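One structure below.
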Amino acid sequence: MSRHDMRLLASEVGLTFRRPRNLAMLGVLAAVPVLIGVAIRVVAGDDGGSIIGQVAGNGLVLTFAAFFIMLPLVLPLAVSVVAGDAIAGEAAQGTLRYLLAAPAGRTRLLVLKYVNIVIYCLAACAVVALSALVVGLALFPVGPVTLLSGTTIPAAEGLLRVGVVVLYAAAGMAALGAIALAVSTLTDAPIGAVAASVVLVVVGQVLGAIPQISAIRPYLLTSWWSSFNGALRAPMATDDMGRGLLAFAAYIVVFGSIAWSRFTSKDITA
């Protein structure tokens, strides 16, 4: 990556993280684990089992619970806002023509915009994890973590598995970012690109929940997001997580190609 590309990427990242809307989304992502932790703290005395009892007994588990709750919709919404605005927002503001006048070229500009989306995905997942860890440490005791397989691991290893969950979730959101970026190249209305991306997520969740069409579940992006729970087993379910990463890569290649095909041939008149 050339020095010019680095400057352009830094400009994209700075703009993304300076926008009040995007910062507000990160604030929401940080607030949801707090609300989850407080709610569990309030009701923990009435429910000693299930996930509530596990979180009440070990604050580290709050991180995993937060991803279980937020991956279906809250995290995808935050990513869709940023990725859906990547091209359509520039077109609506009339700044896309000036960006294309730079020597970076359309393909490199599209790649840099996608890298910016991936950075935001990683930041969003890290915010969820850090918020949940802080709340878990503040409200609940911390100790060895009991995994879904019944095995108990030290707290330090539990933290490492939190990192694995963050990276896996970020990869899943990056695949959604590729879809939203492709949609963003098809319209000049950023709200339309965001709405279309969220609708696709909801439709995927609904289709995946219908037993009669379970044969299509492996082909739905949303079906693989929950496979991060492979990090909560001993040994880690690397096969399931590996298939999930392959599915994410396939979505990135397919929708990245659609975005490239559309963006490199699109007439910019605004």
Of a type in the set (S, T, Y) and either buried (at least 20 other Cβ atoms within 10 Å of the Cβ) or more than 18 Å from the chain's Cα centre (by Cα) (or both): does that describe S226? no
Is it the case that some residue within segment 154-163 is surrounded by fewer than 20 Cβ atoms within 10 Å (Cβ to Cβ), out of contact with any Phe, Trp or Tyr (no Cβ under 8 Å at 6 or more places or on another chain), in contact (Cβ under 8 Å) with a residue 40 or more places away in the chain and within 23 Å of L9 (Cα to Cα)? no
Can you name the number of the only condition in (1) closer than 17 Å to I40 by Cα; (2) modelled with pLDDT under 95 that S131 fails? (2)
Within segment 43-77, work out how many residues are modelled with pLDDT of 85 or more, of a type outside the set (F, W, Y) and surrounded by fewer than 19 Cβ atoms within 10 Å (Cβ to Cβ). 5
Restricting to segment 235-262, name every residue that is in contact (Cβ under 8 Å) with a residue 40 or more places away in the chain, β-branched (V, I, T) and either farther than 13 Å from L176 by Cα or loosely packed, with under 13 Cβ neighbours inside 10 Å (or both). I258
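The values are calculated or read from the model by the stated rules, or taken from the named source; none is laboratory data. All values reported here derive from a predicted model rather than from experimental measurement. Ideal geometry is used to build each Cβ from the backbone, glycine not excepted, and the neighbour counts take in all protein chains shown.
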